[in-house]
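These notes are about the structure you will find just below.
The values are calculated or read from the model by the stated rules, or taken from the named source; none is laboratory data. All figures in this text were calculated on a predicted structure; none of them were measured in a lab. Cβ placement follows ideal geometry from the backbone for every residue including glycine, while neighbour counts extend to all protein chains displayed. Note: areas computed on protein heavy atoms with side chains; ligands, DNA, RNA excluded. Shrake-Rupley method; radii C 1.70, N 1.55, O 1.52, S 1.80 Å.
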Amino acid sequence: MSFLIAESLDDALAAIAAGARPIAGGTDLVVGARHGKEALPDELVAIDRIDQLAEIGPGPGGIRIGALVTHATLMTDPLVVAEFTALADAAALVGSPSTRHVGTLGGNVMNASPAMDTGAPLMVLGAVADLQSVGGSRSVPLDELWTGPGTTSAQADELLIGVTLSSAPQRSGSAYVRLEYRRAMEIAVVGAAAAVTLGDDGTIAAAEVALSAVAPTVLLVEGVGDALVGRDPESAASAAAGLAGEQASPISDLRASDSYRRHCVGVMAKRAVVAAARRAAGEDIAVPVNRSIGIGAA
Amino acid sequence: MSESFDLEVNGVAYPVSVDQSRNLLSVIREEIGLTGTKEGCDDCECGACMVLLDGQPVNSCSYLAVQAQGRSITTVEGVMQGDEMHVLQRKLLEEGGVQCGFCTPGMIMSAHALLDRTANPTPEDVRIGLSGNLCRCTGYAKILAAVEHAAAELG
């Protein structure tokens, strides 16, 4: 095994082009290796000291959140909490304080677990993944990035340098809720994110819903816009629950059966739409929604 | 491959020469000889191995030692102030928050990180701050009380 600490993005990209795998907090890679899931890669390049990848701010095409931004930062950053609230909801639920302090957004995205907490929020917020290699850079919509459990369409020489999101219009809000059996060190049994924009009459003007842990990848629910627009939030939330249950293709495992997941993801979708609409209407619901109004907890 | 580097633990630079795949916990315990930090689950779940890395809590069982070079590590041995116990240690003893003691170093490090960044934590703040640490003896109530009392004493 070889291990290099990259001092710059160029250093990191060169190492990755030569075959090294990136490591930031190591909360998936090292834990997986110690648990016997997968051996550590032969060549590692530590990217956690590349400060430019730990920034949140204006970038080409919107707000760039760097790949090295930690969950601890996401859950408290004023811009993220104000504009991309569902992402803060999700980050606040990840692991424990130690996981959140070393675990990064980039690691969560590229580990590509369908149960990841930040994925559904990023999807409803319209985020794109910014990939860079020695040869150039490209941006990929998340539904094209995630190709299956633990797999992405990124090339071996590409590094995720961040995600780019656009600010939502006035009277918009978002929320992420998950079903959990305990309050810490938990993985979503199922989860749902919603982003909602309200019209002047208080009905839904635009909406997106995405689901965690009910498909091989995080799933953007189809037809949400058509089904929800023009409805009041309560009735829109029920419609979202129906679509979520229909489109989910969950598995049974030791955490839940497929039928339980299919039912509960509808409940989570409904609650996410209601919370997002309340935030869109100006209500201050503290991050994370799971804790502040007690929804999501079993 | 083996690599030689300095690891700064509790303000002391320890030269170590270890395989690059070694976790921070094993190097602190077996190479440096500070055995206050414990191995519990070895799976990033129980918090017995908690240390501070540049002041933030990290599960040392699941962090590569080579990745900690150039950073400042604090273990439970580093929280004593001279011969005086840290207020967290004293309150844990006073409240009966220590039974078998195996989780205690990790609890202290998580609580330390919490109190460093939150001057007057609410009971909920304390619960969240310790949410990555398991205890199988105490039932937690006395640990939570100890941390709240330590926070009150620190003001």
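Residue B:153 meets the stated requirement of being of a type in the set (D, E, K, R), away from every other protein chain (no Cβ under 13 Å) and surrounded by fewer than 18 Cβ atoms within 10 Å (Cβ to Cβ).
Among the residues of the range A:146-157, are any closer than 30 Å to residue A:205 by Cα and either among the basic types (Lys, Arg) or surrounded by fewer than 23 Cβ atoms within 10 Å (Cβ to Cβ) (or both)? No, the range A:146-157 contains no residue that is closer than 30 Å to residue A:205 by Cα and either among the basic types (Lys, Arg) or surrounded by fewer than 23 Cβ atoms within 10 Å (Cβ to Cβ) (or both). Counting only residues that are β-branched (Val, Ile, Thr), modelled with pLDDT under 95 and open to solvent by 60 Å² or more (accessible area, probe 1.4 Å), the range A:244-298 holds 1 of them. Please go through the range A:1-24 and give me each residue that is out of contact with any Leu (no Cβ under 9 Å at 6 or more places or on another chain) and either at pLDDT below 95 or not in a loop (DSSP other than H, G, I, E, B) (or both), ordered by number. Answer for the range A:1-24, where residues must be out of contact with any Leu (no Cβ under 9 Å at 6 or more places or on another chain) and either at pLDDT below 95 or not in a loop (DSSP other than H, G, I, E, B) (or both): A:5, A:10, A:14, A:17.
Within the range B:97-114, track down each residue that is open to solvent by 30 Å² or more (accessible area, probe 1.4 Å), away from chain A (no Cβ under 14 Å) and either within 16 Å of residue B:49 (Cα to Cα) or in contact with a helix residue (DSSP H, G or I) (Cβ under 8 Å, 6 or more places away or on another chain) (or both). Across the range B:97-114, the qualifying residues are B:98, B:100, B:102. Do you know which residues across the range A:31-87 are without any contact (Cβ under 8 Å) to a residue 12 or more places away in the chain and of a type in the set (Val, Ile, Thr)? Residue satisfying the conditions is A:31 alone. Is it true that some residue in the range A:189-205 is open to solvent by less than 50 Å² (accessible area, probe 1.4 Å), in a loop (DSSP other than H, G, I, E, B) and under 20 Å from residue A:113 (Cα atoms)? Within the range A:189-205 (the criterion being open to solvent by less than 50 Å² (accessible area, probe 1.4 Å), in a loop (DSSP other than H, G, I, E, B) and under 20 Å from residue A:113 (Cα atoms)), the answer is yes, since at least one residue qualifies. Restricting attention to the range A:108-133 and to residues that are under 21 Å from residue A:81 (Cβ atoms) and small (Gly, Ala, Ser), the residue that is nearest to the other protein chains (Cβ to nearest Cβ) turns out to be A:119. Once the range B:7-50 is narrowed to residues that are at pLDDT 95 or above and of a type in the set (Ser, Thr, Tyr), the residue that is farthest from residue A:98 (Cα to Cα) is B:17.
The number of residues in the range A:20-78 being crowded, with 18+ Cβ neighbours inside 10 Å and more than 10 Å from every other protein chain (Cβ to nearest Cβ) comes to 20.
Among strands (runs of 3 or more DSSP E) entirely within the range B:1-88, having at least 1 residues that are open to solvent by 50 Å² or more (accessible area, probe 1.4 Å) singles out B:2-9, B:12-19, B:56-59.
Here residue B:124 fulfils each of the conditions (1) within 12 Å of chain A (Cβ to nearest Cβ); (2) surrounded by fewer than 15 Cβ atoms within 10 Å (Cβ to Cβ); (3) closer than 30 Å to residue A:48 by Cα apart from (3). Residue check: residue B:35 meets all listed conditions (1) under 15 Å from the mean Cα position of the chain (by Cα); (2) touching a residue at least 12 places away in the same chain (Cβ under 8 Å) but one, namely (2). Counting the residues of the range B:38-60 that are without any contact (Cβ under 8 Å) to a residue 60 or more places away in the chain and facing another protein chain (nearest Cβ under 7 Å) gives 5.
For the range A:163-174, the criterion of being at pLDDT 95 or above, within 19 Å of residue A:68 (Cβ to Cβ) and crowded, with 24+ Cβ neighbours inside 10 Å is met by at least one residue. Within the range A:220-237, is there a residue that is in a strand (DSSP E or B) and surrounded by 24 or more Cβ atoms within 10 Å (Cβ to Cβ)? For the range A:220-237, residues in a strand (DSSP E or B) and surrounded by 24 or more Cβ atoms within 10 Å (Cβ to Cβ): absent. When the criteria are applied in full, residue B:77 meets the requirement of being more than 8 Å from every other protein chain (Cβ to nearest Cβ) and of a type in the set (Asp, Glu). When the range B:38-85 is filtered for residues that are in contact with a strand residue (DSSP E or B) (Cβ under 6 Å, 6 or more places away or on another chain), of a type in the set (Ser, Thr, Tyr) and closer than 26 Å to residue B:136 by Cβ, the ones remaining, listed by number, are B:60, B:74, B:75.
Scanning the range B:94-122 for residues that are at pLDDT below 95 and in a helix (DSSP H, G or I) yields a total of 1. Out of A:215, A:184, one residue alone is at pLDDT below 95 and aliphatic (A, V, I, L, M). It is A:184. Restricting attention to the range B:125-139, the residues that are part of a loop (DSSP other than H, G, I, E, B) and within 20 Å of residue B:59 (Cα to Cα) total 7. The set of residues from the range B:134-155 being free of Cβ contacts under 8 Å to residues at least 24 places away in the same chain and among the small types (Gly, Ala, Ser) comprises B:139, B:141, B:152.
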